[in-house]
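Structure record follows, encoded as structure tokens.
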Amino acid sequence: MYRAPFPAQLSVSDRRVIDNNATDVRVYQVWKGSNKFFLGGRVIFGPDVRSIFLTISLIVIPVLLFCAFVSRRIIYAFDNHLGKLIIFILILLTVYDLILLLLTSGRDPGIIPRNSHPPELEEDGSTMSTDWLGSQSSAGVPNLPPTKDVVVNGVIVKVKYCQTCMLYRPPRCSHCSICNNCVERFDHHCPWVGQCIGKRNYRFFFMFVSSTTILCLYVFVFSWVTIKKIMAEYDCNLWSAFLKSPVSGILILYTFMTAWFVGGLTVFHLYLICTNQVVIPSFPSFLPLLSVLFLCLCLFYVFADNI
């Protein structure tokens, strides 16, 4: 049975190692993974942390464009207090979304500390997988079996041995080749947040994706309201309204496409939560193609009769 080598209440990056000279060294200072640490090891990012700046720009720039070019029409179209409230809610949603992004990207996803040496073979071979007959290395030392049987809630489960971390991974744990760590309840490595998604940050990731969906729909709805107000005010068609407020048209197209992506991701992860699954073994390869085709059909249906 797997046992964590460190107390569960301590963060991986906050634990300390004491060497032979009795010097106090934090684990992040001798970290063998590919992670990047900041603020004395209190914040841990993945090796591709730079991608978070792209994600932030994709969120902030549309909101700034909305506030700079569309918010005036919103304030004039509605009662002054109601229009200002709409803009204030938009700013709150944006700040909330960015906080969740940072919590997802800068938090320990559930890294299991690697061992400094391979574990010893258990004296009774009852827990070893029956598929392994046993072998010895050139030095005469028995090799560790690639799998081991453990009992979880009365059910025998095979756990795999990780050669890099030198430990038997607990159930639902996988080794991330990008971060070079074993992550508990590993879901996937998200390039948009530059971090693994696992046991300790999955809830923040789901909240981030769902709040991004709400933010996209919010901007989409009020950008569309602006276009409708222009069409009613100038008695013109959709294309002419886009020419009078091009930023609104750009935001409608951008948020419409983005909402399908993050909205589909939200629904998909909601399904995984309800069925107690993770992304890697359950993500259908044809889903992105179907999403693109459905998006094209929706765009044609929305704009064909209005241009």
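The values are calculated or read from the model by the stated rules, or taken from the named source; none is laboratory data. Everything quoted here is computed from the prediction, not taken from an experiment. Cβ coordinates were reconstructed from backbone atoms using ideal geometry, including for glycine residues, and neighbour counts include every protein chain displayed. For accessibility, only protein heavy atoms count, side chains too; no ligands or nucleic acids. Shrake-Rupley method; radii C 1.70, N 1.55, O 1.52, S 1.80 Å.
Could you check segment 191-208 and list, in sequence order, the residues that are open to solvent by 10 Å² or more (accessible area, probe 1.4 Å) and in contact with a helix residue (DSSP H, G or I) (Cβ under 7 Å, 6 or more places away or on another chain)?
From segment 191-208, those open to solvent by 10 Å² or more (accessible area, probe 1.4 Å) are 191-192, 199-200, 202-204, 206-208; that's our starting set.
Scanning segment 191-208 gives Pro191, Trp192, Phe204, Phe206, Met207, Phe208.
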Check your understanding: Do we have any residue at all in segment 128-138 that's surrounded by 20 or more Cβ atoms within 10 Å (Cβ to Cβ) and modelled with pLDDT under 85?
Key -> no
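Scan segment 150-182 for residues that are hydrophobic (A, V, I, L, M, F, W, C) and outside any strand (DSSP E or B) and jot them down. Before you say what the answer is, go through the steps one by one.
Of all residues in segment 150-182, those hydrophobic (A, V, I, L, M, F, W, C) come to 150-152, 155-157, 159, 162, 165-167, 173, 176, 178-179, 182.
Hits for segment 150-182 are Cys165, Met166, Cys173, Ile178, Cys179.
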Exercise for review: Report whether or not Ser57 is modelled with pLDDT of 90 or more, in contact with a Pro (Cβ under 6 Å, 6 or more places away or on another chain), under 23 Å from Phe206 (Cβ atoms) and of a type in the set (S, T, N, Q).
Suggested key: no
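Is it the case that some residue within segment 161-173 is over 30 Å from His117 (Cβ atoms) and buried (at least 22 other Cβ atoms within 10 Å of the Cβ)?
No, there is no match, as no residue in segment 161-173 is over 30 Å from His117 (Cβ atoms) and buried (at least 22 other Cβ atoms within 10 Å of the Cβ).
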